[in-house]
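The values are calculated or read from the model by the stated rules, or taken from the named source; none is laboratory data. Everything numeric in this text was worked out from a predicted model, so none of it was measured. Counting neighbours? That spans all protein chains shown, and the Cβs are built from the backbone with ideal geometry, glycine included.
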């Protein structure tokens, strides 16, 4: 159970919702699914602008009969919004031309980018592409994430690490990583570092706590039933 690579797919529909939320009849489903993929790829791999530098954690898509609502969770929203919202209007117009539908684009700022697995993996990949030491990069990422308040982190690199002749895997773990516990809020991110020797795969798992922690306002101990007095027995 706990050996599933992607904990998000494992929890979707149980503890997590879907990133694409819409309903379509069977004959339209495949074309709309491809359209969602096209929207995400266009934003992340834009031909002229580097929107990926803004730190895109995830893109959620909702559809109604009239419009497509695209919600972007971003670490640095200013890079996408631009001066007086000019950049976001331009991107919205480009997406409308791409899909032929009315697009409603919304940007939300990510609170703590240090504990978002996708952003951590992209940061590691960026440093590896600049020929940084992979061990030092992994160690620094683990320290930053744990200091930001994560319960645990696991990083795995695969490829020709340090320019070695043979590809191998290197792993670093800190804290708790309960992959089988569905209540555990495990985030997963994957990216690739383009080095001169070849691609290096970067996988990151981050334990953000448990689902429901942030919504439980009442203290658990205060809510517990008080124990009754012990019964005394006569001899």
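Note on the stretch 81-94: residues that are touching a residue at least 24 places away in the same chain (Cβ under 8 Å) and either loosely packed, with under 13 Cβ neighbours inside 10 Å or over 9 Å from residue 105 (Cβ atoms) (or both) amount to 3.
Return yes or no: is residue 177 under 22 Å from residue 9 (Cβ atoms) and at pLDDT below 95? Walk me through how you get there before you give the answer.
Working: under 22 Å from residue 9 (Cβ atoms): yes; at pLDDT below 95: yes.
For residue 177, the condition - under 22 Å from residue 9 (Cβ atoms) and at pLDDT below 95 - is met.
For (1) free of Cβ contacts under 8 Å to residues at least 40 places away in the same chain; (2) within 26 Å of residue 210 (Cα to Cα), each residue gets a yes or a no:
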| position | (1), (2) |
| --- | --- |
| 123 | yes, yes |
| 140 | yes, yes |
| 153 | no, yes |
| 160 | no, no |
| 167 | yes, no |
| 171 | yes, yes |
| 179 | no, yes |
| 187 | no, yes |
| 191 | no, yes |
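When residue 96 is tested against (1) touching a helix residue (DSSP H, G or I) at 6+ places or on another chain (Cβ under 7 Å); (2) within 15 Å of residue 61 (Cβ to Cβ), just one condition goes unmet, and that condition is (1).
Go through 91, 71 for me and flag whichever is modelled with pLDDT of 90 or more and in contact with a helix residue (DSSP H, G or I) (Cβ under 8 Å, 6 or more places away or on another chain).
Working: 71 fails: in contact with a helix residue (DSSP H, G or I) (Cβ under 8 Å, 6 or more places away or on another chain).
That would be 91, the only listed residue that is modelled with pLDDT of 90 or more and in contact with a helix residue (DSSP H, G or I) (Cβ under 8 Å, 6 or more places away or on another chain).
When restricted to residues that are over 19 Å from residue 116 (Cβ atoms) and surrounded by fewer than 17 Cβ atoms within 10 Å (Cβ to Cβ), the stretch 51-80 contains 6. Would you confirm whether any residue within the stretch 142-163 is surrounded by fewer than 15 Cβ atoms within 10 Å (Cβ to Cβ), assigned to a strand (DSSP E or B) and touching a strand residue (DSSP E or B) at 6+ places or on another chain (Cβ under 6 Å)? So far as the stretch 142-163 goes, no, none of its residues is surrounded by fewer than 15 Cβ atoms within 10 Å (Cβ to Cβ), assigned to a strand (DSSP E or B) and touching a strand residue (DSSP E or B) at 6+ places or on another chain (Cβ under 6 Å). Among the residues of the stretch 37-50, those identified as within 22 Å of residue 123 (Cα to Cα) and surrounded by fewer than 17 Cβ atoms within 10 Å (Cβ to Cβ) are 41, 42, 44, 45, 46, 47, 48, 49, 50.
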